[in-house]
Each structure stands twice: as C-alpha cells, then as structure tokens.
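> This is the structure I have questions about; it appears just below.
What follows is calculated from the coordinates using simple rules that are stated; it is not laboratory data. Computed from a prediction, not measured in an experiment: that's the story for all the values here. Cβ atoms come from the backbone with ideal geometry, glycine included; neighbour counts cover every protein chain shown.
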C-alpha cells in the first residue's frame, strides 16, 4: 500500500485474521497488530461478549476493504470510495465517461473521413512539395 491511501482513510485489511479490522486499525495508526488485538481481547474480557462483538462487526461493516491496487491520485481515491459505497453509481459514471469519449472519437472520425479533409490534405501536400 502506498502513502496516499494510508493518509486518506482507514480500511479493513484483506489479509487479516477475522474481517481485517484489527490489522486495518493497526496500519492506519502505525501500531503493531499484536497490540491492537491485545487491547481488543482485554476489552472483551472486561466488558463482555456482546459490546465488543457488536462494535467489531459494526466497524467491519463500515470500514471499506483495502484497495487491491495502490491508489495513486485523489481521482482514484474518489472513484474507489464511490465504487465501494455504490458500485452501480460508479459503473454509471464510467459508462457516461466512455460515452463522451465515443462521441468525441466519432466527431474526429467524421472530420478525418470527410471529402473536404481529403482535398485539403492533397492541397497542402502539393504546395508543401514545391
């Protein structure tokens, strides 16, 4: 994971023991995961089963999983956060962007394949040769 994604949010680790919450917290705060787990077990012993398990599961639900590939820019961070929270919205955003690109390519293609472009190209090449 690169520095950009470490600075921008707290994520569940994909390679954690159980849902990756402890490892994600340890990576975010730059602690050893051992100490986070010791704290969790200590709180578990003194507070009881349900409060700790409830908070742990809520944290696992709300924490996004670590990105598979490192995030290099703020734009990638925004897209990843949007994708994790709403894949449908992210897919619609991608589709809209590709539709815009396709329209631009069609306009360029129409311009390049037009007869005026061919004549202008011939005219410029014949004057450039002299």
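> In whole angstrom, and with the biggest value first, how far do the Cα coordinates of segment 1-71 range along each principal axis?
38, 22, 18
> Among 38-47, 17-26, 75-84, what's the highest-first ranking by average C-beta atoms within 10 angstrom per residue?
Going by the mean number of other Cβ atoms within 10 Å, highest first, we get 17-26, 75-84, 38-47.
> Using Cα atoms only, what is the angle between the long axis of helix 87-113 and the major principal axis of the chain, expressed in degrees (0 to 90) to the nearest 10?
10 degrees
> With angles folded into 0 to 90 degrees, how steeply does helix 115-129 sit against the dominant principal axis of the chain? Use alpha carbons for both and round to 10.
70 degrees
> With axes computed from alpha carbons, what is the tilt in degrees of helix 74-85 against the longest principal axis of the chain, rounded to the nearest 10 within 0 to 90?
Long axis of 74-85 versus the principal axis of the chain: about 60 degrees.
> Which whole-number value in Å³ per residue fits the convex hull of the alpha carbons of segment 29-106?
114 Å³
> Between residue 62 and residue 102, what FRET efficiency comes out of the Förster formula 1/(1 + (r/R0)^6) with R0 = 41 Å and r the beta carbon distance, rounded to 0.05?
0.65
> Quick one: compute the contact order of segment 1-71, relative version, from alpha carbon pairs under 8 angstrom and 6+ residues apart, as a percent.
40 percent
> So what is the relative contact order for segment 12-130, in percent, with contacts set as C-alpha pairs under 8 Å and at least six apart?
16 percent
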